[in-house]
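One structure below.
Bear in mind that the values in this text are calculations on the coordinates, not laboratory data. Here the structure is a predicted model, which is why all the values come from computation and not from measurement. Note that we place each Cβ from the backbone using ideal geometry, even for glycine, and neighbour counts take in every protein chain shown.
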Amino acid sequence: MDEHPEPVHEAAAGALDPRAELSEFLRTRRARLKPEDVGLRDFGRFRRVPGLRREELAQLADVSVAYYTRLEQGNGQSVSAEVLDAIARALRLSDAEHAHLTHLAKPKQQKKKPAGRAQQVRGHLLTLLDTMDGVPAILVGRRSDILAWNRMAAAVFGEWAELPTREQNWARLVFLRPDYRDLFVDWEHKASDVVAQLRMDAGSHPNDARLSALVGELSVKSEEFRSLWATHDVKDRCHGIQRLHHPLVGELDLRLESFHVANDHEQMLATYHAEPGSPSAEALRLLASWGTDATRAGAGMPPTRTA
């Protein structure tokens, strides 16, 4: 695989609003906790809000109600790391959610990159992908862009080189292409993972106009995306079993593991391996032996092109 120029999306009307994102993230995290989850009394029918009240969350975090209210209204500029840690503990945030909260409350100044600049892939990473003969492996960048992949990944997921560059993107594939609904047995889980990782990107890069444009386009074109985006769930890396229905070899149960690339936290290497001796391992061996025929069959290739 060669490096691909960064996908060119339509210009966004505006970047994502960090204050609104912070407000909605805290509200949705608070709404998912019940009083009994944190040892508080539940007043039953007298409770008018889902989950915890602001007053209850402030009590758990040992901050004033006024201070927490200002934070939930999106005013996080002066909040300390210690207070954010206390609020994260009170909300029982995961590590990824804690990092996301910090990004939203205290956004780093992002250096502007020239328009159209590619996400750079180190040559040694491309060599590594090619040497992983029996394991599908994919390098994913910001905005869920698919930057590089090996021959086995093409055999399983389809020959992405035949797609326009802007469509070499997990979010576009999962939400806009019917063949990927057929490929993933648990499509809903895959869709949720993709959106949660996009949310993580949005927290780190609120001024990314291309990400904003991608979110806007998918929100218009996919009701499922719109619904998942509204949950404000975040995820940094994914792992677990991916069950696929391949058009040539049928059911595949593959173990997904993902790793951030050294010196570039925005790139992630995803690998899919089968249990040794399993039917899925034999199916991967068959796909490897079929070569080009297998890559063209993956995920229903060749793609359906639109005008």
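Net charge in the neighbourhood of residue 151 (other residues with Cβ under 9 Å of its Cβ; Lys, Arg +1, Asp, Glu -1) is -2. As a proxy for reagent exposure, ranking 255, 30 by other Cβ atoms within 10 Å from fewest up yields 255, 30.
The residue list 248, 281, 173 was ranked by how far each Cα lies along the charge dipole of the stretch 153-292 toward its positive end, using unit charges on Cβ atoms, and 173 comes out on top. In terms of other Cβ atoms within 10 Å, 248, 214 run from fewest to most in the order 248, 214. Computed from phi, the 3J(HN,Hα) profile of the stretch 246-253 under the Karplus parametrisation 6.51, -1.76, 1.60 (θ = phi - 60°) reads 7, x, 9, 10, x, 5, 10, 10 Hz, with x in place of Gly and Pro. Going from the residue with the fewest nearby Cβ atoms within 10 Å to the one with the most, 200, 152 rank 200, 152.
Below 22 Å, Cα to Cα, which lysines can residue 106 reach? Residues fewer than 8 away in the same chain don't count. Output for residue 106: 235. Distant-in-sequence amide contacts of residue 238, defined by a placed amide H-H separation under 5 Å and a gap of 5 or more residues or a different chain, comprise 258.
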